[in-house]
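K.L.:
I have a structure here, written as structure tokens, and I will follow up with some questions on it.
No lab work stands behind these numbers, since they all come straight from the coordinates. As the structure is a computational prediction, the values presented were derived from the model and not from experiment. Glycine also receives a Cβ, built like all others from the backbone with ideal geometry; neighbour counts cover every protein chain displayed.
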Amino acid sequence: MKRGYLKSSPHFFRLIKIALALTVLALMALALLIPAPLQEQANLARVPNPVKSAWFLLWIQELVSYSKYLIYLVLALAACFLALPWLTRSTADSARWFPRECRVVNCAALATCILVLALTFVAMFCRGANWQFVSPF
Amino acid sequence: MIEDFLKHLFPRAVLQRNLTLSYTLCLGGLAFTCLLLLAASGLLLLFYYQPSPAAAYPSILLLESSVWGGRYLRSLHRLASHVFLVLIVLHTLRVILTGAYQKPRQLNWLVGCALFFLAVFEGYTGYLLPMDQLALWATQTGMELLHTMPLGGALRAALVPDGVGEPASLLRFYVLHILMIPAALLFLSGLHFYRIRKNKGVLPYL
């Protein structure tokens, strides 16, 4: 065995088995505590107010509620996301947390995450009838 | 035999420092675990779900009221789908913050991006299936968002030819949700793992 290396069996496989078991058990336990919601039967004649999209799309809904042209910001973000390896110069011979050479990308990624979380929060808790801003408290 | 096959999917040896949890946090593996759990719970839900506008909601009611463990199974599937998306986002963020997307891993980055978008699409198509008010209007709003995009109108027409929640659109969402997107997710996950192994000599394995 080369220096610094370990046999996958049992070292790596043990980790995989533990992670798998813990994830499945945690989800099975949480599913007991968090029941899936079920509202009344779908009816096109009864439009709720406000109408909200699925939670993972709420940030886009919030964004386009300011201007429909902001959808192009979402598309630009998606394009940058796809092209990330070609937008930055390869620097390190091994991946590590917060490399100094990638400071700009890291800051942009964290800022985008914070923006998405903030927009999701506003859309989820601070939007009432007619998409008016309401206090979450 | 199955154990031997699974062992062959992985390298014989791994770098010791790559097994430290503080580097990968196991996020990709946990997301894949969620995908397997979703497949298992979804497979069981298929025995009761009926993909037609008139029968979908009653079939969910039947599942929740008359099938032993039916309500729990649906809760598990829904919760696992949320956690799956969260874990994929966190895994993507980890890949960015560790610079693991850089060349020569650019192909695997693209595969990961495809997995990310497919996971969101899978969540979206599954949202409609219970056919309750939440499902209908969340899907309708998603379609309005799609419509604001360039070529969104054409995409919308392909996905919902007769309106959200109508027979053809529900059937399309159903087939996409239970067959086409999961198959693509599993195929691309396999490719993702294969590419990680292929690049092992250049960057840390995980």
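K.L.:
Return a whole-number percent for the relative contact order of the range B:27-168, with Cα pairs under 8 Å and 6 or more residues apart as the contact set.
P.N.:
The normalised contact order for the range B:27-168 reaches 26 percent.
K.L.:
Compute the FRET efficiency between A:Asn130 and A:Asn43 as 1/(1 + (r/R0)^6), taking r as their Cβ-Cβ distance and R0 = 22 Å, and round to the nearest 0.05.
P.N.:
Calculated transfer efficiency: 0.65.
K.L.:
Now, a different point. For chain A, what relative contact order do you get, as a whole percent, if you take Cα pairs closer than 8 Å and at least 6 residues apart?
P.N.:
In percent, rounded to a whole number, it is 29.
K.L.:
Would you list which lysines come within 30 Å of B:Lys198, measuring only between C-alpha atoms, while excluding same-chain residues fewer than 8 positions from it?
P.N.:
The reachable lysines, counting only those whose Cα sits under 30 Å from B:Lys198, are A:Lys2, A:Lys7, A:Lys17, B:Lys7, B:Lys103.
K.L.:
Another one. Take the alpha-carbon centre of the range A:92-137, take the same for the range B:67-107, and report the distance between them in whole Å.
P.N.:
For the range A:92-137 versus the range B:67-107, the Cα centre distance is 17 Å.
K.L.:
Inside 10 Å of the C-beta atoms of B:127-135, what's the mean count of C-beta atoms belonging to other chains?
P.N.:
Taking all residues of B:127-135 together, the mean is 5.
K.L.:
Can you work out the PRE-style zone for A:Ala111? Point 7 Å along Cα to Cβ, and I want the residues of the range B:67-110 with backbone N under 19 Å.
P.N.:
Label zone hits: B:93-94, B:96-99.
K.L.:
In Å³ and rounded to a whole number, note down the convex hull volume per residue for the Cα atoms of the range B:25-198.
P.N.:
Per-residue hull volume (Cα only) is 120 Å³.
K.L.:
Once whole DSSP H runs in chain B are found, which of them have Cα atoms spread over 18 Å or more along the helix axis and a mean Kyte-Doolittle score of at least 1.0?
P.N.:
Those that clear 18 Å and a mean of 1.0 are B:27-45, B:70-97, B:106-128.
K.L.:
Round to the nearest 0.05 the FRET efficiency obtained for A:Ala118 and A:Thr88 when R0 = 25 Å and r is the Cβ-Cβ distance.
P.N.:
Approximately 0.45, to the nearest 0.05.
K.L.:
While we're on this one: In the calculated pair distance distribution of the protein assembly as shown, what percentage of Cα-Cα distances lie above 35 Å?
P.N.:
Across the protein assembly as shown, Cα pairs with separations above 35 Å total 28 percent.
K.L.:
Using the number of other C-beta atoms within 10 angstrom as an exposure proxy, rank B:Asp132, B:Asp162 with the fewest first.
P.N.:
Fewest-to-most Cβ neighbours within 10 Å comes out as B:Asp162, B:Asp132.
K.L.:
Can I ask one more? What Rg and what Dmax come out for chain A when only alpha-carbon atoms are used, in angstroms?
P.N.:
Expressed in Å, the Cα Rg and Dmax of chain A come to 22.1, 69.
K.L.:
Whole-Hz ³J(HN,Hα) for each residue in the range B:6-14, computed from phi via Karplus 6.51 cos²θ - 1.76 cosθ + 1.60 with θ = phi - 60°, x for glycine and proline: what do you get?
P.N.:
Karplus values, whole Hz, x for Gly and Pro: 4, 5, 6, 6, 10, x, 5, 9, 10.
K.L.:
Along Cα→Cβ, 7 Å out, is where each label goes; now give me the distance between the ones at A:Val104 and A:Arg3 in nm to one decimal.
P.N.:
Going from the A:Val104 label point to the A:Arg3 one covers 3.9 nm.
K.L.:
May I ask you to sort A:Trp97, A:Trp59 by Cβ crowding, counting other Cβ atoms within 10 Å and putting the fewest first?
P.N.:
Ranked by crowding around the Cβ, least crowded first: A:Trp97, A:Trp59.
K.L.:
Charges on Cβ only, +1 for Lys and Arg, -1 for Asp and Glu, centred on the Cα centroid of the range B:25-198; of B:Phe187, B:Leu155, B:Leu136, which one is farthest towards the dipole's positive end?
P.N.:
It is B:Phe187.
K.L.:
Mean residue ellipticity at 222 nm from the helices of chain B, using -39,500 (n - 2.57) per DSSP H segment of n ≥ 4 over the full residue count, to the nearest 500 deg cm²/dmol?
P.N.:
It comes out at -23000 deg cm²/dmol, rounded to the nearest 500.
K.L.:
Calculate, in nm to one decimal, what B:Met180 and B:Ser66 gain on full extension: separation in residues at 0.36 nm each, minus their alpha carbon distance.
P.N.:
Full extension of this stretch gives 38.1 nm more.
K.L.:
Next question, about the same structure. A:Arg96 to B:Tyr194: FRET efficiency via 1/(1 + (r/R0)^6), r the Cβ-Cβ distance, R0 25 Å, to the nearest 0.05?
P.N.:
So the FRET efficiency works out to roughly 0.55.
K.L.:
By counting other Cβ atoms within 10 Å of each Cβ, how are B:Ile196, A:Ile16, B:Ile2 ranked from fewest to most?
P.N.:
B:Ile2, A:Ile16, B:Ile196
K.L.:
Projecting each Cα onto the charge dipole of the protein assembly as shown (Lys/Arg +1, Asp/Glu -1 at the beta carbon, about the Cα centre), which of A:Phe98, B:Val83, A:Ala79 comes out farthest on the positive side?
P.N.:
A:Phe98
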